[in-house]
Amino acid sequence: MDTSEKLKEFSSKLSKVKMLPKADISEDLIDNTDIDKLVEKLVFNIGTFEGVHFVDSNEVKEAISEVNKSKIPVRVEVIKSGDFHPIAADIADNYKIETRDVEHAEGNVADFVNYFRNRIERLRKILNARPSPDGSPVERLDLLKDFIGRDVYIIGIVTSKITTKKGNIMVVMEDETADVKVIFSNNNSAIGKSLFNTASSIINDEVIAIKGKLINQFVIAKEIIWPDIPILERKSINEDLGIAFISDIHVGSKLFMENNFVSMIKWLNGNSTDKRNKELAGKVKYIVASGDIVDGIGVYPNQDRDLSLPDMYMQYKMFFDLIENIPDYIQIFVLPGNHDSVRRAEPQPALPKSLIKDYHRDNVHFVSNPSYLELNGINVLAYHGTSLDSIISAIPGMSYDKPELPMVELLKRRHLSPIYGGNVIVPSKNDNLVIDKVPDILVMGHVHKNGIARYKGVTVINDGTWQARTAFQVKFGQFPTPARMPVFEMKNYNITTVNFSGE
Ligand SMILES: [Fe+2]
């Protein structure tokens, strides 16, 4: 088609939607673009207006770049270097996936009662398994009436926590039979102060044990016991393999750092010039992607302004096109997060077939959020981390700057999302967010900030993001650490955070 005809076509199609091109739009500008898609994109971008809208060249340029972005398949030019001999290609994979059962519930009163009963039962079992010099706890809270004036040891779920007029902390605990008020007095003794401070980190809906004295109808607390984890021994793994962790990729967002993500893929293909880096890349046998694969559609008000791909399917397609370039001896596990197109309530099911469409690769596994993964003997508990928001705001001393700290708090509580209502949870028959098995690695994302800790032998990793700093993060003073990928070596438990940010 002659370019002047193309401009005529553009004018005529624009006029049908009450728009006209300004004189600064040249024929060259629109030459290689599909006019229908361009007009569609302009209608989407410009939104509502009165009368006739005159489209200028900047609006056209922006729309063209978006149309072209969704049109061009991602091509990563990987230069296979002759001296890259990945050890991971020669070692057979050995993995097991244990997804969390995704049960359904109506959300009626009976469902909630059963859900919390199950939570108490499971966590009571964990608490009872801890060695206690004071014998076993009082079996049921309704039996407490026979213990007045005596020392007691109780287990229950926290239903409320308040500061009384006298400045004490009062916690109400409940089990299947009754409830009881527990007092942490704000006295000046060193022990009293320390217990009082510890009590300030008690959160709603968690299951704890208390040792104290029953005076009238109150338990005066002397000690708080969290379910916690036992000290875990380091495993000796013979294979010299690595696990790389990524999350919060947010493909489809204008802030998705595509070039940096591509650099990471090239690195996995041995394109690094540094010998140690190349060797590390060659060890990577597994990648865990812990959610927010895409930015999604309609996740928050006016999100469309922040999207480079305003189509969910295109967002996933771009992700699949990108990971297509990851060597196929690497097994990739993909969890959903709160931006992905599955139900928000946790546990979240794996990405549905409708989104994955005809995409199929033997080395890409779509799994639930959370999931347990056993990778050559290393147990990884992967969870997106949506509950980190409520934990950071509920426990004193927590911040978005150190996401590993709230992750450790979740391990102590043996629950991935203890505060009910902090984020959406399905009140199913079984509380599948209880951490019933202690993993070697606990990994989460969600807060877009890297963090690493070792807690009682468990390696705690937050794997950051591939999205640049958002307006939301600017508003709340949060500083993400994009394009940094932690790699765990299973032979020596070393963690190297490879920096692709260019900073
Ligand atoms: Fe995210």
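The values are calculated or read from the model by the stated rules, or taken from the named source; none is laboratory data. Owing to the predicted nature of the structure, the values given are computational and were not obtained by experimental measurement. Cβ coordinates were reconstructed from backbone atoms using ideal geometry, including for glycine residues, and neighbour counts include every protein chain displayed.
Summary table
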item: For M170: the one exception among (1) within 16 Å of E223 (Cβ to Cβ); (2) in contact with a strand residue (DSSP E or B) (Cβ under 8 Å, 6 or more places away or on another chain); result: (1)
item: Of all residues making up segment 182-227, the number that are closer than 30 Å to A110 by Cα, surrounded by 14 or more Cβ atoms within 10 Å (Cβ to Cβ) and not hydrophobic (A, V, I, L, M, F, W, C); result: 5
item: Residue that is farthest from F245 (Cα to Cα) [pool: residues in segment 259-292 that are among the charged types (D, E, K, R), away from the ligand (no atom under 16 Å from the Cβ) and under 26 Å from the mean Cα position of the chain (by Cα)]; result: K266
item: Which listed residue, of H360, H384, H339, is in the same structural domain as I425 (by TED's automatic domain parsing) and in contact with an Asp or Glu (Cβ under 6 Å, 6 or more places away or on another chain); result: H339
item: Residue in segment 133-141 that is hydrophobic (A, V, I, L, M, F, W, C), assigned to a loop (DSSP other than H, G, I, E, B) and surrounded by 15 or more Cβ atoms within 10 Å (Cβ to Cβ) present; result: yes
item: Qualifying strands (runs of 3 or more DSSP E) (wholly inside segment 198-310; at least 1 residues being under 30 Å from P352 (Cα atoms) and out of contact with any helix residue (DSSP H, G or I) (no Cβ under 7 Å at 6 or more places or on another chain)); result: 242-246, 284-290
item: Whichever residue in segment 330-351 is part of a loop (DSSP other than H, G, I, E, B) and hydrophobic (A, V, I, L, M, F, W, C) and, among such residues, is modelled with the highest pLDDT; result: I330
item: Scope segment 452-479; condition within 15 Å of the ligand (Cβ to nearest atom) and surrounded by fewer than 22 Cβ atoms within 10 Å (Cβ to Cβ); matching residues; result: A468, R469, T470, A471, F472, Q473, F476, Q478, F479
item: Positions within segment 289-305 being acidic (D, E) and surrounded by 15 or more Cβ atoms within 10 Å (Cβ to Cβ), in sequence order; result: D292, D295
item: Residues of segment 142-162 satisfying the condition of being outside any loop (DSSP other than H, G, I, E, B) and basic (K, R); result: K145, K161
item: Any hit, segment 346-353, residues being within 16 Å of the ligand (Cβ to nearest atom), in the same structural domain as F320 (by TED's automatic domain parsing) and touching a residue at least 60 places away in the same chain (Cβ under 8 Å); result: yes
item: Answer residue from segment 319-345, given it is of a type in the set (D, E, K, R) and farther than 17 Å from G282 by Cβ and is nearest to the ligand (Cβ to nearest atom) among those; result: D340
item: Of residues in segment 441-451 being assigned to a strand (DSSP E or B) and within 16 Å of the ligand (Cβ to nearest atom), the one farthest from P336 (Cα to Cα); result: G451
item: Some residue of segment 229-245 being buried (at least 23 other Cβ atoms within 10 Å of the Cβ), within 16 Å of the ligand (Cβ to nearest atom) and in the same structural domain as Y329 (by TED's automatic domain parsing); result: yes
item: Residues located in segment 155-185, provided they are touching a residue at least 24 places away in the same chain (Cβ under 8 Å) and β-branched (V, I, T); result: I155, I157, V158, T159, I169, V171, T177, V180, V182, I183
